Amino acid sequence: MAEDVLTPEHSLVAHQFEDAGQQREASRLGMWAFLSTEILFFGAVFVAYAVYRLRWPDDYRQGSLELKWYLGAINTAVLLLSSFFMALGVHASELGQNSRLIRNLILTIVLGSLFLAIKATEYYLEYEDGLVPGASFRMEPPPEEAGSGFARAVKSFERAISRAPKGQGEVARRTRAEEQFMVFYFIMTGIHATHMVIGIALLCVLVWMARRRKFSAAYNNPVEITGLYWHFVDTVWVFLFPILYLLRNP
Amino acid sequence: MAEHKEHVVPPRVYASVLVALMALLVVTVCVAFFDVDQFTRAHHLGTGWNTAIALAIAVTKAVLILLFFMHVKYSSKLTSAFAAAGFVWLGIALVLIMSDYLTRNHPPGVNPRGEPKYVLPPPPASDRPALGQQPGSPGHYH
Amino acid sequence: MATIPGDLPYIPAYEAPPTYLNVAHTVRSWLLTKDHKRIALLYLFSITFFFAIGGVAATIMRVHLLAPAGLLVEEMTYNKLFTMHGVIMVWFFLIPSIPTTMGNFLIPLMIGARDLAFPKLNLASWYLFMAAGFFILLALLLGGVDTGWTFYTPYSSRSSNTYVTLAVLAIFINGFSSILTGLNFIVTIHTMRAPGMTWFRLPLFCWSHYATSLVMVLATPVLAITLALVGIERVFKVGIFDPAIGGDPVLMQHLFWFYSHPAVYIMILPAFGVVSELVTCFSRKRPFGYEFIAFSSLAIAMIGFLVWAHHMFVANISIYAGMAFSLLSFLVAVPSAIKVFNWTATLYKGSVALDTPMLCALGFIGLFTLGGLTGVMLATLGFDVHVHDTYFVIAHFHYIMVGGSVIAYFGGLHFWWPKMTGRMYNEWAGRIAAALIFLGFNLTFFPQFVLGYLGMPRRYHSYPPEFQVYNVLSTAGASILAVGYALPFFYLLWSLRYGRLAGPNPWRATGLEWQTTSPPPKDNFEKIPVVTEEAYAYYKLAPQGMAALGSVAAAEARETGGGES
Amino acid sequence: MDESFRLFPEEASNLARDCDHLLYYLLGVSVFFTLLIFVFVVYFALRYRRKSDNEVPPLVPSPLSLEITWSVIPFILLMIMFFWGTSVYVKMKKPPADGMQINVVGKQWMWKVQHPNGAREIDELHVPIGRPIKLMMASQDVVHSFFIPAFRIKQDVIPGSFVTQWFIATKPGVYHLFCSQYCGAEHAKMIGRVIVLRPEQYEAWLAGAPPDEPPAVAGARLFVTYGCVACHAARAPTMAGLYGSRVQLDNGRSVVADDDYLRESIIEPGAKVVAGFPPIMPSYRGQLSEEQLIDLVAYIKSLGAGASTEGGVRPLPATQPANGFSPDRAPNYPPARQTPGAEPVEVEHGRLGGRPDK
Ligand code: HEA
Ligand code: HEA
Ligand code: CUA
Ligand SMILES: [Cu+2]
């Protein structure tokens, strides 16, 4: 607490507002209204996905099976953890603890970036497996030995954790519907990743502002609403993970 | 500012929520590798349980995040209303669009294409992959 | 009546403190303004521009259709014309029209606030709008788009070789502009009301804008993502909606109409708000059934989300879904009926003055009723099969959108023109324009109902000769309509210089916006007013009170024909 | 009566009458309410005109009963519309079982029609009166919409599946056929004529039309040229008795083998795999035109409907032609519009029929 230089309150209230309480109320409501927009923004793709998944259950399941569920799971954990630190950051800002705020924001940024790095790796592996829709989608799954050394290492790891004996008989051909699954996979995770990038950028701005001691126990709206945004993006992933990676049973 | 002191959630709460979320993550991953339907079908409990469980867990996680991380539990009714609105409207989209797709070709005779397409199956049990078998291993195509 | 502590006397403009218009004069002060009133004017210029483009396209189409084989343009040109007409009129004129001009200008004034909650977002919204406008004009200039405003797949994603991607991008961006506007209104109305301004003291204009904003925020993202998917499918040639590569075109229609039906309420609800203000002011009555009008806006916004597939009755949807959507469409007519009846009843025992805005409002009531009733006909399953995608539908929605929303827009523009500019327009010119628009409009679009039932499909570049008579009538009407629309353009501009000074309250209306000067000062009110009474409390005024309400600039303008200042 | 001032189109099908009756009701309600509102608005506006500038009218209470009345009355009228409209719609969507099937394929920008005996026409549709006609429609490219105003029928033809429409023509004449869903540059030219004939005239027309293979025969040939027999004689399920039977799928569900299922099995064999068979059938997406698909389906249908599930090879029908057809042979359409000898002798020219040939 003591570390904060409290700026006089009125200078922080924009001219259209009566007082800080009104301003806080407004920014919070504004963010929630925006999030309801976001829900429908993602939601429309979810609906389309649901329609097609019901139409081609087997192909979509086949698609799920080709994704690297463990990377998805790790990423979920990373993101949940980042949300936790974000919550701690908001907590710190509520108490006006500036350095703790900065610390937590940076942790959040690091975890968010880690998520993106893992996601990028996943995209790369999918590219090597010929799973990228469009011209480079391969109807025949790649042979076990294909791909870079990295991809081969991942595959041998996969073999190690998979309980079923592999390599018996033919592997099913990929279908158009499976390609469509991959289309949705890339669109959904792509939009999500874009949101992550925006979130990380916002967090960086917050760190910069916090460094310049813009926040105090009396004024922390930007931290709070960025926090809401971050948690929301996390929530979206909480749904993306099971519907893309985990619906692997008939 | 004294008059509306915001509710400050103690970090302890955040920590327990995080633990719960991680636990749910582990559960949902484990369930995915277990063919629940195989079990439920044997007990005439219908199918689609894997999906249902995965979604239920996802909803639980989302609710935890919303209530605690996003402070909906401590916020005004208005905030909760807006938080709910997005989901409710998404529900409208989903339900009404599905109302079209799931009732296509009903009732028999009305639509020239014949009877309901999907009929609940009583498949021979031996056709199913064995319990715990990795789904999608080539074996599932007989 | 609401009061401003220390009631302002009438102060002539030349002595007045700076208004929002002359507080600064640089271009920068306009382009970077965060003042909701200036942003409203920026929007006013932009949408007028787009209305002119859309109108020119309509005029060319109408002239072309004079002869069965077509008079003027090639097939593809015609197709691009109606697409551009639809896209521009819907997204670049009608959806932003009332909310971004009058809504922006008036909501803070009406609720007694200094500005909207998020002035920067408001400006950002205008820039997004302009960016979108730039892209749509670019698409137009590069060669146009021909899919129709509905962008049905697989035509849009596979077959058309026009600038679909660019147009889709433009509408995507435009959507975010719309969302930001809606968001701003929601938050403003929730959090920024002046002391004493309870929900049931809110002007009906604010209620209807609140309902509109909900629709904007909850429906627009779905359009954005749907069109984005169309763009992705088109650019990357992957299968989302195109059946040839695994998609389902009907799904695209579902998602499109999930937005676009609620969007028609984005276009009509603000008009309802305007008409409520006009009818009450010009009959000096508290509206009949205030609560019913207020809540029916919300009801329409809600139920409006449940009816979209009435655009798809012949698109091979399940017949159960068809029934459900038909039933729900009928339900939407009930709150609309409540509104119409309440407006009509408000006139009863009123003190009705037939100034231009009121003429527009009364015209609105009649034309909206006819448009709405034909909408109900369309919602009738067996009937829609025959008239779907014919001129009957064209006539239906022009009755509501042109006869309804656009006329309400003009009514509102005339009504608040003195508030925005401080000057009265020429009353007789206004009345003539209103009459021309009403007549021209009916002549243009009534024959199209017959045409539609006879079976003339829409989006037809040429047509069988027996349809010619009605087409000629329609074109004749359209030329009268065009004159009617061009008139205000001139006399409103003229009034900026030569119009009579309006004074704060030329119409003697209640409502906070009339208690500040015209044009208002930069921060709207000297001091935030305290509201002590319900809205529209005309009946509480004794005749002297009425006289004290303000100048009679309007009446004088009427007598002298609006002349010199 | 002057042609150009028609208010209603010709009523030439069993559905037209229903639609028009519905219209009268709808019009009645609409005209009534429009007039009601107009009259009240004008009357009030004139009756209560402002007399003096400072006039203050009294408050008129708004009784709840009035609000309820004017919500409930429209509601009741609307519900009548709903039930009436729905009943007409259900009738339109419910083809009788004994319909004569005519195949229609829409493509940019023409309608290709094929009669049961194989006779083909383009942008024209000859039908007999008094007989239920079932149109089985498919689109080769984008969404089209098959619209005959005189019959009050319209159906979007969505690519990627079969759609159907039915009617009974009731009045000989020549009527418009339109495409009413925007489909590209020549959407306005995707029009044609429906020629309604007396049954004997129709038979005569059919006899005079250049002969072509019936769909099932063409389908049998395709079944050979596309190599379907190679598998479906041994390694794959038999086609005999398939149509209409219930097929057990490998995912535990079962489907009824209707037109759309057959279509999907050919285009996207992986989508629904028959239980007990490996998913080895290649996709024919992009290789078969909509007409060929219709032919194949017609062939499979011709092999009999039923619930036979025993395997085994069933013989190809006798009509099976010799091998050696090139699969991409251009379809042998009769030249458009010049169906020789087909112009009906005494068709009362429908008054709408004034449209000259393009
Ligand atoms: C502002 C725009 C607007 C508004 C408000 C409406 C309002 C309504 N619309 Fe309209 N509509 C459009 C714009 C609009 N529409 C557009 C643009 C299209 C075409 C899109 C395209 O394909 O390009 C369209 C198409 C359209 C269709 C699809 C037609 C087709 O393509 O086949 C249908 C079908 O149900 C329909 C129905 C309705 C109904 C039931 C209402 C109701 O909300 C109307 C309610 C109002 C009233 C009913 C009047 C007042 C009531 C009374 C006076 C009381 C008495 C009433 C009764 C007893 C019933 N509309
Ligand atoms: C808000 C919506 C709106 C508005 C206001 C209008 C206004 C008009 N519309 Fe539009 N219309 C649509 C929305 C609208 N329309 C939509 C959505 C479609 C469907 C498109 C599709 O199929 O995809 C459509 C389709 C449509 C068609 C059917 C085309 C077809 O299917 O083939 C026709 C045909 O008559 C038509 C006519 C008109 C006319 C005559 C006007 C007139 O009211 C216009 C009058 C206006 C003017 C004439 C401009 C006047 C202004 C000035 C003169 C100012 C002067 C300017 C300067 C000096 C710079 N419209
Ligand atoms: Cu085919 Cu329009
Ligand atoms: Cu609609």
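Just so you know, in the range D:87-100 the residues that are buried (at least 18 other Cβ atoms within 10 Å of the Cβ) and more than 8 Å from chain C (Cβ to nearest Cβ) include one that is farthest from ligand 4 (Cβ to nearest atom), and it is D:GLY99. The single condition from (1) more than 7 Å from chain C (Cβ to nearest Cβ); (2) closer than 29 Å to C:ASN316 by Cα; (3) free of Cβ contacts under 8 Å to residues at least 40 places away in the same chain; (4) not in a loop (DSSP other than H, G, I, E, B) that D:ILE73 fails is (2). Here C:PHE200, C:PHE272, C:PHE241, C:PHE205 are screened, and the one residue that is closer than 30 Å to A:THR175 by Cα and of a type outside the set (A, V, I, L, M) is C:PHE241. In the range B:62-77, the count of residues that are facing another protein chain (nearest Cβ under 7 Å) and not in a helix (DSSP H, G or I) is one or more.
Taken together, A:ALA120, A:ALA48 contain a single residue that is surrounded by fewer than 20 Cβ atoms within 10 Å (Cβ to Cβ), assigned to a helix (DSSP H, G or I) and not aromatic (Phe, Trp, Tyr), which is A:ALA120. Against the numbered list (1) in contact with a helix residue (DSSP H, G or I) (Cβ under 6 Å, 6 or more places away or on another chain); (2) away from ligand 4 (no atom under 16 Å from the Cβ), C:HIS398 comes up short only at (2). The residue that is surrounded by the most Cβ atoms within 10 Å (Cβ to Cβ), among those in the range C:149-202 that are without any contact (Cβ under 8 Å) to a residue 40 or more places away in the chain and within 14 Å of chain D (Cβ to nearest Cβ), is C:TYR155. Against the list (1) buried (at least 21 other Cβ atoms within 10 Å of the Cβ); (2) assigned to a helix (DSSP H, G or I); (3) of a type in the set (D, E, K, R), the condition D:LYS154 fails is (2). Restricting attention to the range D:38-82, the residues that are among the polar types (S, T, N, Q), surrounded by 14 or more Cβ atoms within 10 Å (Cβ to Cβ) and under 16 Å from C:GLY350 (Cα atoms) add up to 2. Against the criterion of being among the hydrophobic types (A, V, I, L, M, F, W, C), more than 10 Å from chain D (Cβ to nearest Cβ) and away from ligand 3 (no atom under 16 Å from the Cβ), C:ALA395 qualifies. For D:ALA188, the conditions (1) more than 30 Å from D:GLY85 (Cα to Cα); (2) within 11 Å of ligand 3 (Cβ to nearest atom); (3) free of Cβ contacts under 8 Å to residues at least 24 places away in the same chain all hold with the exception of (1).
Restricting attention to the range C:524-545 and to residues that are among the aliphatic types (A, V, I, L, M) and in a loop (DSSP other than H, G, I, E, B), the residue that is modelled with the lowest pLDDT turns out to be C:ALA542. Residue-level analysis places C:MET102 outside the set of residues that are over 16 Å from the mean Cα position of the chain (by Cα), more than 16 Å from ligand 3 (Cβ to nearest atom), under 19 Å from C:LEU413 (Cβ atoms) and in contact (Cβ under 8 Å) with a residue 60 or more places away in the chain. A:PRO143 passes every criterion in (1) over 24 Å from the mean Cα position of the chain (by Cα); (2) assigned to a helix (DSSP H, G or I); (3) more than 30 Å from A:ASN221 (Cα to Cα) apart from (2). Of the candidates C:PRO488, C:PRO464, the single residue that is out of contact with any strand residue (DSSP E or B) (no Cβ under 6 Å at 6 or more places or on another chain), at pLDDT below 95, within 16 Å of ligand 3 (Cβ to nearest atom) and of a type outside the set (Lys, Arg) is C:PRO464.
If I filter the range C:423-433 for residues that are buried (at least 24 other Cβ atoms within 10 Å of the Cβ), away from ligand 1 (no atom under 15 Å from the Cβ) and of a type in the set (D, E, K, R), do I get at least one hit? Within the range C:423-433, one or more residues are buried (at least 24 other Cβ atoms within 10 Å of the Cβ), away from ligand 1 (no atom under 15 Å from the Cβ) and of a type in the set (D, E, K, R).
If you filter the range C:369-392 down to residues that are within 16 Å of ligand 4 (Cβ to nearest atom) and in contact with a Pro (Cβ under 8 Å, 6 or more places away or on another chain), you find that the one that is farthest from the other protein chains (Cβ to nearest Cβ) is C:THR390. Screening D:PRO9 against (1) in a helix (DSSP H, G or I); (2) within 26 Å of C:VAL469 (Cβ to Cβ); (3) facing chain C (nearest Cβ under 7 Å); (4) under 22 Å from the mean Cα position of the chain (by Cα) leaves a single unmet condition, (1). Within the range B:27-40, the residues that satisfy the criterion of being touching a residue at least 24 places away in the same chain (Cβ under 8 Å) and more than 9 Å from chain A (Cβ to nearest Cβ) are B:VAL27, B:PHE39.
Taking first residues from the range D:159-181 that are within 12 Å of another protein chain (Cβ to nearest Cβ) and partners that are more than 16 Å from ligand 3 (Cβ to nearest atom) and among the acidic types (Asp, Glu), the Cβ contacts under 6 Å between residues at least 6 apart in sequence or on separate chains come to D:SER161/D:ASP260; D:PHE162/D:ASP259; D:PHE162/D:ASP260.
A Cβ distance below 8 Å, combined with a sequence gap of six or more or placement on separate chains, defines the contacts here; from the range C:314-332, residues that are within 7 Å of chain B (Cβ to nearest Cβ) reach residues that are aromatic (Phe, Trp, Tyr) in the pairs C:SER318/B:TYR101; C:ILE319/D:TYR89.
Residues checked against (1) in a helix (DSSP H, G or I); (2) more than 9 Å from chain C (Cβ to nearest Cβ); (3) hydroxyl-bearing (Ser, Thr, Tyr); (4) within 45 Å of the chain's Cα centre (by Cα):
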{"site": "D:ALA16", "(1), (2), (3), (4)": "yes, no, no, yes"}
{"site": "D:CYS19", "(1), (2), (3), (4)": "yes, no, no, yes"}
{"site": "D:GLY28", "(1), (2), (3), (4)": "yes, yes, no, yes"}
{"site": "D:LEU46", "(1), (2), (3), (4)": "yes, no, no, no"}
{"site": "D:ASP53", "(1), (2), (3), (4)": "no, no, no, no"}
{"site": "D:VAL60", "(1), (2), (3), (4)": "no, no, no, no"}
{"site": "D:GLY85", "(1), (2), (3), (4)": "yes, no, no, yes"}
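Scanning the range D:129-148 for residues that are of a type in the set (Phe, Trp, Tyr) and closer than 24 Å to D:ALA298 by Cβ yields a single hit, D:PHE146.
Every condition in (1) in contact (Cβ under 8 Å) with a residue 40 or more places away in the chain; (2) under 20 Å from C:LEU454 (Cβ atoms); (3) touching a strand residue (DSSP E or B) at 6+ places or on another chain (Cβ under 6 Å) is met by D:MET136 except one, and the failing one is (2).
Every residue, every condition in (1) within 14 Å of chain D (Cβ to nearest Cβ); (2) at positive phi, yes or no:
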| site | (1), (2) |
| --- | --- |
| C:GLY231 | no, no |
| C:LYS237 | yes, yes |
| C:ILE240 | yes, no |
| C:GLY246 | yes, yes |
| C:HIS261 | no, no |
| C:VAL274 | no, no |
| C:LEU278 | yes, no |
| C:PRO287 | yes, no |
| C:ALA299 | yes, no |
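For the range D:232-249, check the following and say yes or no: at least one residue is farther than 30 Å from D:ALA16 by Cα, assigned to a helix (DSSP H, G or I) and without any contact (Cβ under 8 Å) to a residue 60 or more places away in the chain. The answer is yes; a qualifying residue exists.
The values are calculated or read from the model by the stated rules, or taken from the named source; none is laboratory data. Not measured: the values here are computed from a predicted model. For neighbour counting, all protein chains shown are included, and Cβ atoms are generated from backbone atoms with ideal geometry for every residue, glycine included.
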